[in-house]
Amino acid sequence: MNNTKNLKIGILGAGNIGKTLARKLAQAGHDVKVANSRGPETIAADALEFGARAVSTAQAVEDVDVVILSIPLNRIPRIAPLIANLPAETVVIDTSNYYPHRDDKIDAIEAGQVESLWVAQQLGRPIAKAWNVIGSGSFATKGKPAGSPDRIALPVAADREKDRQVAMALVEDTGLDAFDAGTLTDSWRQQPGSPCYCTDLSREEMPTALAAADAVRLPKRRDLAVAAIQERVGDGTTNPDAEYGIRLSRALYM
Ligand SMILES: NC(=O)c1ccc[n+]([C@@H]2O[C@H](COP(=O)([O-])OP(=O)(O)OC[C@H]3O[C@@H](n4cnc5c(N)ncnc54)[C@H](OP(=O)(O)O)[C@@H]3O)[C@@H](O)[C@H]2O)c1
């Protein structure tokens, strides 16, 4: 893979984030396949509107340049056998975040392991971390062409240079500024509860936000947000409306 145009991309997960990834990456000219856990016939038609194809999970990771994981973090071990068969040079990008109320408690992360390092460990290979800090409402509706004023920026973390370059190019293809946030070890600064998390910041605001993250406070702030959302929408899995989510995240995390 010598460039980042017209890539073959397989997406595992066709929910709030995976569906928008399938739409935007197909619209940007990539060859996109998308799979969920229940089978291609259950994938919503709007995910396929711009040419992405619904496939099985095995087909999604077959003969692709890039695999994007957009499934709940606690499902990562279940798809590890599929990822284990990929060539070393395939770029794997993960969008996941740890929510103990949803994902069950994961002792290593509770003890302080960086979420992306836990994911890389489960998969036994390097990954890039991207698209984890944008709420699904903003992601579906707020992308803009490069150079637009107030374009939303997302941090991208990776350990391999190729993973970083490809992930950053694909973030740009989804209508967002890609910001190099360093290594996976540093990526705790973009976890839930951090100042850049679901706050729709610009590229100019990103360095200060990443530097201001305070590791001890992130889980407390994440759990406060979950409690506020549960009080409002009545459960722990429905996403709040986008503007409420941004107001809440800015108030709690910045
Ligand atoms: N929602 C947000 O605003 C947001 C923002 C940024 C990042 N994220 C993160 O991105 C990830 C996806 O979030 P989401 O909101 O899109 O989740 P979601 O709406 O619950 O969708 C999850 C998707 O994963 C699929 N899936 C689950 N297990 C699978 C497996 N073993 N193989 C293949 N597909 C599987 C599900 O398929 P089935 O329905 O068939 O089970 C579903 O399509 C999560 O880790 C989340 O923390 C979410």
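Please treat every number below as a calculation from the coordinates, not as lab data. This one's a predicted model, so the numbers in the text were calculated from it and none came from an experiment. Virtual Cβ from ideal backbone geometry, glycine too; neighbours counted across all protein chains shown.
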Exposure proxy check on ILE93, ILE106: fewest-to-most Cβ neighbours within 10 Å is ILE106, ILE93
Label-point separation (nm) for TYR244 and GLN230, each offset 7 Å from Cα along Cα-to-Cβ? 1.6
Suppose R0 equals 45 Å. What FRET efficiency, 1/(1 + (r/R0)^6) with r the Cβ-Cβ distance, do ASN3 and THR42 give to the nearest 0.05? 0.85
Quick note, the stretch 81-206: a/c under 1.5 would make it rounded; otherwise a/b > b/c is prolate and the rest oblate (a ≥ b ≥ c, C-alpha gyration tensor); here it is oblate
Take a quick pass over the chain and tell me how many lysine pairs come in under 20 angstrom between Cα atoms, counting only ones 8 or more apart or on separate chains. 21
Could you grab the relative contact order for the stretch 115-252? Cα pairs under 8 Å, six or more apart, rounded to a whole percent. 24
Determine the gain in length on full extension of the stretch ASP104-GLN121; use 0.36 nm per residue of separation and subtract their C-alpha separation, reporting nm with one decimal. 4.3 nm
Given 0.36 nm per residue, what is the gain on full extension from GLN113 to ASP150 after removing their alpha carbon distance, in nm? 10.0 nm
Note the full-extension length gain between GLU205 and LYS162 as 0.36 nm times their separation in residues minus their Cα-Cα distance, in nm to one decimal. 12.9 nm
Which of rounded, prolate or oblate describes the stretch 1-123 when judged by the alpha-carbon gyration tensor and an a/c cut-off of 1.5? prolate
Please name which of PRO155, GLN190, VAL166 has its Cα lying farthest along the dipole of the stretch 148-196 towards the positive end, using unit charges on Cβ (Lys, Arg +1; Asp, Glu -1) and the Cα centre as origin. GLN190
Round to a whole angstrom and tell me the spacing of the C-alpha centers of the stretch 216-244 and the stretch 4-26. 26
Taking the Cα centre of the stretch 102-223 as origin, sum charge times position over the Cβ atoms of Lys and Arg (+1) and Asp and Glu (-1), and report the length of that vector in debye to the nearest 20. 120
Hydrodynamic radius by Kirkwood for the stretch 70-119, inverse mean 1/r across distinct Cα pairs, in Å, is 11.9
What does the charge add up to near ALA45, with Lys and Arg as +1, Asp and Glu as -1, over the other residues with Cβ less than 13 Å from its Cβ? 0
Before rounding to the nearest 500, sum -39500 (n - 2.57) across all DSSP H runs of length at least 4 in the chain and divide by the residue total; then give [θ] at 222 nm in deg cm²/dmol. -10500 deg cm²/dmol
If a/c stays under 1.5 just call it rounded; otherwise compare a/b with b/c (prolate if a/b is bigger, oblate if not). Do that for the chain, with a ≥ b ≥ c from the square roots of the Cα gyration tensor eigenvalues. rounded
Placing +1 at every Lys and Arg Cβ and -1 at every Asp and Glu Cβ, with all other atoms neutral, what dipole size does the stretch 32-120 have around its Cα centre, in debye to the nearest 20? 220
